[in-house]
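A.B. asks: This is the structure, below, for whatever I ask next.
The values are calculated or read from the model by the stated rules, or taken from the named source; none is laboratory data. None of the values given here were measured: they were computed from a predicted structure. Using ideal geometry, Cβ is built from the backbone for each residue, glycine included, and neighbour counts are taken over all protein chains shown.
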Amino acid sequence: MIIAEQHRRGVIFSAPVLKEQVVQDRHNAGQHAGSVQTVALMDAIGKTAAHSITASHSTPSDDTSAMDGFAVCSGSTLGASPEHPVTLRVVGIVAAGDQTEPEQDLACLVEERTKDGIKVRMICVEIMTGAKFPERKFPELDAVIKVEDVVVVRKGPEPGQTYIDIRAPVRAGQNRRYAGSDIVAGDVIVSAGERIGSKHVMALASVGFGWIEVAKEQDAVPSHLDFHALKETWKIGVLSTGSELVDLNSAPESADLEIVGGKLPDSNGPYICSALREMDSSYEVDHLGTVEDTEVALENSIREATQKRCVDVLITTGGVSMGKFDLVRPVVEKRLGGRVIFHGVKVRPGLPVFFAWLEMDSFNGATERPQYTAFFGLPGNPLAAAMALRFFVVPYLATLHGTAVPISPSHCTAFFGPGRSMSSGLANGEQCCDNQGRSRKKPEHLRAFWLAKLCRHGDGQDQVDCVEILEDQSSYKAGNLIRADCWVEIAEGVNAVVEGNRVTVHPFVAMAFS
């Protein structure tokens, strides 16, 4: 990339032998664990868990929406078709983090209709990804239809003056995340003595751990051996968008934090920072916290990152889809004059990933500042963010790094594991079947990335290297990451993978550094 080359300031010098010695010294220091110490979660990468860490509560804590769209009663959509659409009145809106539900006054005025002998109110509530279902006031709303799948037939400025058409039936539970469907209270996230990696950080953050106990290293690596001094430093800022998010960095030092009232702990920010540091310690990664879903707040946070902190690369999570509170593109493009390179890629998860250049002014006469800041807008669902980091951000960072060597993918035999449920954990458009052997279907026009685990399958000398594709690929489930160690890539043009097929396997760690 031309701009990537403009970013490059040149490697001062390389010292692979010294780097190897630093790594070995750090490993040896970890072999002589002393007393226990409490460290911030993002500082725990590479350290050893002092004891098993379990979840004290289940996630999600409430039933929430998996999509930006409209919460509907599935029964009211029976018989819907393009020729005979079902019209529903929008009686309110619920955003992620909202602690109150829309009022019922307007809903009481809505006509009831009889569907298969059951009376239903012809209403819906606009709902954002991650927002709680308004179960207390609207218990009949049991599913969500995506915003792109409806037609607004009349729109008014006041609540209750907007109507939508639905042109296909919505099944009960569609696009609904059920409470406790990710991590269950009592689940072991990290076992005693286990080395903590970025995949643990995401799961730990999702259940509110801002601090954890690790085995204290007896001897620290001398500062003169710190490899940071041997390489150029790239400044990377990470910012999580969402009014519902709580920044664990600002939480008190405690075992864990159960967050209530519609709020959620930010797990994407800690994960991304940890994954980048895990990959290459020369990156100067700054977690910039969380920002609420307003254009002014987001613009100010981006300006702070690019103009005052002078980051080379800025990574945000959330706010890149099609909902009312997805503000990343409008702010970057219209308020900051960014040049959008792409928004939306035919991949799953991670379809709404966003990339732009932000042109920066020079500050204090600094001539070494890059002309541009590379801006990556990643989706807010945890596994979509992880996938976009691995396959979009990391390859870009490799172009800036003179010593990066991509780790080539391998090819293994696909395996689905014993006792696999053929109906759960499927994303939209995915399907499992076992007509001609177990398989998993996917939309043919999309490139799919599935979490998987390398293993050996078979008996005795007949064992072969396989990759077990995880049953559940729900992109909101942070707990899935700790059960995997690689990604399986299925190209567009393929509509299913059958057990026994050869598939492309990518390791979590994308680059080696010489």
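A.B. asks: Considering the range 263-291 alone, what residues qualify as being assigned to a strand (DSSP E or B) and closer than 16 Å to residue 373 by Cα?
C.D. replies: 284, 285, 286, 288 - these are the residues of the range 263-291 that are assigned to a strand (DSSP E or B) and closer than 16 Å to residue 373 by Cα.
A.B. asks: Among residues belonging to the range 83-132 that are outside any strand (DSSP E or B), touching a strand residue (DSSP E or B) at 6+ places or on another chain (Cβ under 6 Å) and farther than 18 Å from residue 242 by Cβ, point out the one that is modelled with the highest pLDDT.
C.D. replies: Among those residues, the one meeting the criterion is 85.
A.B. asks: Taking into account only those residues within the range 400-427 that are surrounded by fewer than 18 Cβ atoms within 10 Å (Cβ to Cβ) and in contact with a Gly (Cβ under 9 Å, 6 or more places away or on another chain), which is modelled with the highest pLDDT?
C.D. replies: So, considering only residues that are surrounded by fewer than 18 Cβ atoms within 10 Å (Cβ to Cβ) and in contact with a Gly (Cβ under 9 Å, 6 or more places away or on another chain), the one modelled with the highest pLDDT is 413.
A.B. asks: Something else about it: I'm checking my understanding of the structure. Among residues of the range 450-502 that are part of a strand (DSSP E or B) and touching a His at 6+ places or on another chain (Cβ under 7 Å), which one is farthest from residue 176 (Cα to Cα)?
C.D. replies: The qualifying residue farthest from residue 176 (Cα to Cα) is 464.
A.B. asks: Can you name the number of the only condition in (1) touching a strand residue (DSSP E or B) at 6+ places or on another chain (Cβ under 9 Å); (2) modelled with pLDDT of 95 or more that residue 294 fails?
C.D. replies: Result: residue 294 passes all but (1).
A.B. asks: Scanning the range 181-211 for residues that are over 18 Å from the mean Cα position of the chain (by Cα) and closer than 20 Å to residue 62 by Cβ, which turns out surrounded by the fewest Cβ atoms within 10 Å (Cβ to Cβ)?
C.D. replies: It comes out as 186.
A.B. asks: Just one of 304, 292 is farther than 19 Å from residue 68 by Cα and of a type in the set (D, E, K, R); which is it?
C.D. replies: The match here is 304.
A.B. asks: Tally the residues that are touching a residue at least 24 places away in the same chain (Cβ under 8 Å) and either hydrophobic (A, V, I, L, M, F, W, C) or not in a helix (DSSP H, G or I) (or both), restricting the search to the range 292-342.
C.D. replies: The number of residues fulfilling the criteria is 30.
A.B. asks: Okay, next question. Restricting attention to the range 67-82, report how many residues are crowded, with 16+ Cβ neighbours inside 10 Å and in a loop (DSSP other than H, G, I, E, B).
C.D. replies: 4
A.B. asks: Another one. Look through 397, 383 and report the one residue that is in the same structural domain as residue 318 (by TED's automatic domain parsing), closer than 30 Å to residue 340 by Cβ and modelled with pLDDT of 90 or more.
C.D. replies: The unique qualifying residue is 383.
A.B. asks: Is the range 163-180 home to any residue that is out of contact with any Cys (no Cβ under 8 Å at 6 or more places or on another chain), modelled with pLDDT under 95, surrounded by 17 or more Cβ atoms within 10 Å (Cβ to Cβ) and not in a loop (DSSP other than H, G, I, E, B)?
C.D. replies: The answer is yes; a qualifying residue exists.
A.B. asks: Before we move on, is residue 270 under 19 Å from the mean Cα position of the chain (by Cα), buried (at least 19 other Cβ atoms within 10 Å of the Cβ), assigned by TED's automatic domain parsing to the domain that holds residue 396 and at pLDDT 95 or above?
C.D. replies: Against the criterion (under 19 Å from the mean Cα position of the chain (by Cα), buried (at least 19 other Cβ atoms within 10 Å of the Cβ), assigned by TED's automatic domain parsing to the domain that holds residue 396 and at pLDDT 95 or above), residue 270 qualifies.
A.B. asks: In addition: Keeping to the range 301-354, report how many residues are touching a helix residue (DSSP H, G or I) at 6+ places or on another chain (Cβ under 6 Å), among the polar types (S, T, N, Q) and surrounded by fewer than 22 Cβ atoms within 10 Å (Cβ to Cβ).
C.D. replies: Count: 0.
Yes or no, residue by residue, for (1) at pLDDT 90 or above; (2) over 22 Å from the mean Cα position of the chain (by Cα); (3) of a type outside the set (Asp, Glu):
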residue: 23; (1), (2), (3): no, yes, yes
residue: 30; (1), (2), (3): no, yes, yes
residue: 34; (1), (2), (3): no, yes, yes
residue: 42; (1), (2), (3): yes, no, yes
residue: 48; (1), (2), (3): yes, yes, yes
residue: 54; (1), (2), (3): yes, no, yes
residue: 57; (1), (2), (3): yes, no, yes
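A.B. asks: Any residue that is part of a loop (DSSP other than H, G, I, E, B) and modelled with pLDDT under 90 - is there at least one of those in the range 233-249?
C.D. replies: Yes, that holds for at least one residue.
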